[in-house]
1. Scan region 121-134 residue by residue and report those that are part of a helix (DSSP H, G or I), at pLDDT 75 or above and touching a Lys or Arg at 6+ places or on another chain (Cβ under 9 Å).
2. What pairs come up if the first residue lies in region 502-525 and is within 19 Å of M386 (Cα to Cα), the second is of a type in the set (D, E) and not in a loop (DSSP other than H, G, I, E, B), and their beta carbons are under 8 Å apart, counting only those six or more places apart or on different chains?
3. Working carefully through the options A501, A490, find the one that is outside any helix (DSSP H, G or I), surrounded by fewer than 23 Cβ atoms within 10 Å (Cβ to Cβ) and of a type in the set (G, A, S).
4. Tell me the helices (runs of 4 or more DSSP H) entirely within region 18-101 that contain at least 2 residues that are modelled with pLDDT of 95 or more and open to solvent by 50 Å² or more (accessible area, probe 1.4 Å).
5. Scan (1) open to solvent by less than 60 Å² (accessible area, probe 1.4 Å); (2) part of a strand (DSSP E or B); (3) not small (G, A, S) for the single condition V402 breaks and write down its number.
6. Restricting attention to region 375-397, which residues are out of contact with any strand residue (DSSP E or B) (no Cβ under 8 Å at 6 or more places or on another chain), among the hydroxyl-bearing types (S, T, Y) and crowded, with 22+ Cβ neighbours inside 10 Å?
7. With V103, V118, V76, V89 as the choices, which residue is touching a Pro at 6+ places or on another chain (Cβ under 8 Å) and hydrophobic (A, V, I, L, M, F, W, C)?
Amino acid sequence: MATSLTASGDQNLLLLAAVPVLTAALWYSLRKSKFDVDSIRGPPSDSWWYGNVYHLLGAPLGELEREWQSQYGDIVRLQGSFANPVLLVMDPKAIQYIFQNSVDNFHLDRERNFFSEVLLGNALPVIDGEKHKRQRKILLPGFSAAEVKSHLGIFTIDAAKLVEKWKKSIDSTSQPSAVINTTSDMTKATLDAIGIVAFDYSFNALDDSNNELTQAYQDILFTLFGKPRPQDELALGILRFIPENLVRRLLASGPIPKLRRAQAATKLADGLIARSLRDKQIQASVEHDKSKKDILSLISRAYTSDNEKMRLSDSEMVSTMKTMILAGNDTTSTSLTWALYELAKAPALQAELRREIHEMNTWEPTFKELESMTLLNAIIMETLRMQPSLGTVYRQLACDEVIPLSTPIKTSDGRSLHELPVPKNTKFLVSIESYNRHPDIWGADAGEFNPKRWLDANGKLGMNGYSDIVLEIQAFLFQIIGHLEFAPSAGSEKIVRMGGAILTPIVPDEFSKGAQMPLTMKYAKFE
């Protein structure tokens, strides 16, 4: 009888122990059925450890996206390390939903963001939610229309300096033209401009070939994020299981080869920023002028603000300035480099733009004059469309979501989905490149460089919401195309577009040299 009772008790214990296991299994089964991300089609992965995301990020931007888009549709299932699903999003409606309708639910990718923090700290590009909104509110006055317009003179001066340097390079040859790596000098010139605009400080990068800051930040984003190896993706997968504080300590000081340059650049920038902020705070204490809205003045005032909600901490203050150096400089120089590339391939369009510039009869155009230049602005808009600085954006879901789709997708079992239920923590690669070249938005010629698409029936183009980036591109193109003529070179005809963090021009057989855009240039004719 005792044996029977013991056996019965053991069975009851087994049943009790099985309840949570069965419940978890049922929950997982129902959840998997509800979301069914595995049924989304995509290319096979040859490795459970590494997945196949690195194939996409290591290929020329847009190459695999277009291939997979034609095979699987606008939503493609990839695999990260340990076979974790990663969704490549190319559907226009889904992309609009992610960045406009439900932006608070799509956070930055946790693991990739750790690497960005090494370079930028806790600044706007690497924070989410309320912290992001708070910093944005503090800095917004520095990007007002009036403040942006006040920078035009600085951009014009630095653009003219760049033109003079290139003219000297042409003069130094015995030929009427010279092949110059435009990327290198463009980066230095825009770094000088952002130094004055944001820091009220001259980096003197264009004149000083040994400038420490220039060398530290040259190709830093491509070094950190470009062309990832399989083991890089595996490392990101492992970081998912490590506490955040431990990850940050490891990446901030650990002997990781890919991070050494980022750590060195951060140390150099920190020292420069500390000096600039100290000088600005001394100046502010003397002037007591709260009307100044340049970035450095705003940050200095926010640091000493009596309002706790509007006060920046030491780390926030330094991180914001590092972001200004990197993002402000790299984004502008990248767009300008690709604009010259497109114009070099289109000599008739380049000549038409030059005529528009010369018709202004000035080398110091006003904001209104730049705004009135239809072709110049259409070329800028088309460059930003065809050559987006950020070709791919990483996101991670903070909660369960149902994402609307422009076009239904076919699942692996033949179903048609008009919307996509996706579980919390799902990772996304959002393809800005694919959105910008999607035929449903831009028409059959979506893959062609055609600035005239931006003009209305009356040949007019309206540009609202000016930023420093657009104004700087206007000022630089005005000077550069007005004085110089560009044509392809043997190197530029081989150029491939590499993504990762920022769109980088690479000469394939000179990969180790990093970003290059060698173009043939000569003096422009004045008609």
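The values are calculated or read from the model by the stated rules, or taken from the named source; none is laboratory data. Not measured: the values here are computed from a predicted model. Here Cβ is always computed from backbone atoms with ideal geometry, including for glycine, and neighbour counts include all displayed protein chains. Heads up: the accessible areas ignore ligands, DNA and RNA and are worked out on the full protein's heavy atoms, side chains in. Shrake-Rupley method; radii C 1.70, N 1.55, O 1.52, S 1.80 Å.
1. R134
2. Pairs that qualify, where the first residue is within 19 Å of M386 (Cα to Cα) and the partner is of a type in the set (D, E) and not in a loop (DSSP other than H, G, I, E, B), are I502/D330; Q516/E510.
3. After applying the criteria, what remains is A490.
4. Output list reads 63-72, 92-96.
5. Here V402 meets the rest and fails (1).
6. Scanning region 375-397 gives a single hit, T383.
7. V76
Conditions (1) among the hydroxyl-bearing types (S, T, Y); (2) at pLDDT below 85, marked per residue:
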{"position": "R136", "(1), (2)": "no, yes"}
{"position": "D158", "(1), (2)": "no, no"}
{"position": "I170", "(1), (2)": "no, no"}
{"position": "P176", "(1), (2)": "no, no"}
{"position": "T187", "(1), (2)": "yes, no"}
{"position": "D200", "(1), (2)": "no, yes"}
{"position": "D208", "(1), (2)": "no, yes"}
